[in-house]
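J.: Provided herewith is a single structure, encoded as structure tokens, for subsequent inquiry.
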């Protein structure tokens, strides 16, 4: 039987002391400070890769529709500026690289790049050994090859996806004369040495 005169035992206190809590907060703050730049770089790279994938997807769609419709299908910037986004449209058998709602069929339209990203485009027509600018657009012929607006074959092209401030990662999407696209890293040591990741490729 418990006696009311017996002293009560105090249970040991549980939890953090003020000093332990302050040390824990300080350690977490340091870890977050160190991790922030790495996480920011990771986000920038993922956004850039997503943009490059969007370009590659656009090219694949244009080539597939050209083959399926036996028509010339074009990828071109909205109002002549890639900063406005771009369109994919069918031009039938008379390509000129410019979307005309009265005669062309709009297949898809893409919004401008965001988060400080930009896309630039370069293409060259290699016909009869002569290099001539083929325009600010990419045309696919009914056989799935690239072509100029004069229906000349063997056009090579490249899209450069990068940040407007010139910092951070970038990718180049290269399209050969057969209409096939590949993505490469212009900052990679191996591609720099081989010269296979340039916006002015003729292969």
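J.: When you go through (1) in contact with a strand residue (DSSP E or B) (Cβ under 6 Å, 6 or more places away or on another chain); (2) within 22 Å of residue 114 (Cβ to Cβ) one by one for residue 167, which number turns out not to apply?
T.: (1)
J.: Filter the range 90-118 down to residues that are without any contact (Cβ under 8 Å) to a residue 40 or more places away in the chain and in a strand (DSSP E or B) and give me whichever is nearest to the chain's Cα centre (by Cα).
T.: 109
J.: Further question on the same structure: Grab the strands (runs of 3 or more DSSP E) fully contained in the range 137-188, keeping just those with 3 or more residues being under 13 Å from the mean Cα position of the chain (by Cα) and within 23 Å of residue 51 (Cα to Cα).
T.: Working: elements: 138-140, 155-163, 171-175, 181-184.
Where strands (runs of 3 or more DSSP E) fall fully within the range 137-188 and carry at least 3 residues being under 13 Å from the mean Cα position of the chain (by Cα) and within 23 Å of residue 51 (Cα to Cα), they are 155-163, 171-175, 181-184.
J.: Restricting to the range 101-128, and then to whatever is in contact with a strand residue (DSSP E or B) (Cβ under 9 Å, 6 or more places away or on another chain) and within 21 Å of residue 152 (Cα to Cα), can you tell me which residue is surrounded by the most Cβ atoms within 10 Å (Cβ to Cβ)?
T.: Applying the filter and picking the extreme gives 125.
J.: Next question, about the same structure. Considering the range 65-89 alone, what residues qualify as being part of a helix (DSSP H, G or I) and within 22 Å of residue 100 (Cβ to Cβ)?
T.: If the condition is that a residue be part of a helix (DSSP H, G or I) and within 22 Å of residue 100 (Cβ to Cβ), then 65, 66, 68, 69, 78, 79, 80, 82, 83, 84 are the ones that fit.
Any read-out appearing in this document is the output of simple, stated calculations on the displayed coordinates, not a laboratory observation. Computed from a predicted structure; not experimentally measured. Please note: Cβ atoms are built from the backbone with ideal geometry, for glycine as well, and neighbour counts cover all protein chains shown.
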